[in-house]
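The values are calculated or read from the model by the stated rules, or taken from the named source; none is laboratory data. These figures come from a predicted structure and were not determined experimentally. Cβ placement follows ideal geometry from the backbone for every residue including glycine, while neighbour counts extend to all protein chains displayed.
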Amino acid sequence: MHARTETRRQRGFTLLEMLVALTVLGFLMVGLNEGVRTGLGMWSREARQIGSIAELDSTARILRSLLGSIPLAPAVPADPTGSSHVIAFSGTADRLVFVGDMPTGVGTTRLADITLALRGEQLVLLWNPHRREQSATPAAPNETELLRGVARIEFAYWGTPDRDSPATWVTQWNGSAMPQLIRIRVSFPEGDRRHWPDMIVAPPVGLPQVTGPPV
């Protein structure tokens, strides 16, 4: 009897046991593969979301830096208000042109003619070194992409375009003084999950203070 038991043990696993083991192993491999695939997908989506947020934050910081450093010329003695004047500034609903300080990358800045506009689906920064004398053949501007995949951009300006008008939001600004506030709205195509809250920048003040605007 003892010899028969030892003989059965030496035969190893039966065919049924092997099939069960292979089936269980197959299920484990499928589950592991799906888990890894799901994890990689979640990691990829999170990485894209973090990248999008970082891109929006970087663009906002660049815009605040540029619009917050527009130089003002000294006040003109004949000006009864005694206010300073901007060197150059004009804006429409979809385009902003001004003279501002551009970083050189070595810790200094230089005066530049700057344009912010939408080109295709890209918010771009166009700039040339500022020169007092206009050149007969102006050089092609340097172009830097700030944000891609943009459907629409809207600039608005808060202030008093003339002394007889109350302060309000306008979509066009021309004059020797700066608006008190600049609002920037960016819209993305349908289905794009990025969100740009209304951005309001306070540039150097070139007009007397007035009551705050409705946000």
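The table for this structure:
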{"read-out": "Check on A167, at pLDDT below 90, farther than 15 Å from F89 by Cβ and buried (at least 16 other Cβ atoms within 10 Å of the Cβ)", "value": "yes"}
{"read-out": "Unmet requirement for R9, which otherwise passes all of (1) modelled with pLDDT under 65; (2) in a loop (DSSP other than H, G, I, E, B); (3) not polar (S, T, N, Q)", "value": "(2)"}
{"read-out": "Selection within segment 108-132 - within 18 Å of S58 (Cα to Cα) and of a type in the set (G, A, S)", "value": "A117"}
{"read-out": "Residues of segment 153-198 that turn out to be touching a residue at least 40 places away in the same chain (Cβ under 8 Å) and in a strand (DSSP E or B), as a count", "value": "14"}
{"read-out": "Of all residues in segment 87-115 being assigned to a loop (DSSP other than H, G, I, E, B) and among the hydroxyl-bearing types (S, T, Y), the one that is surrounded by the most Cβ atoms within 10 Å (Cβ to Cβ)", "value": "T92"}
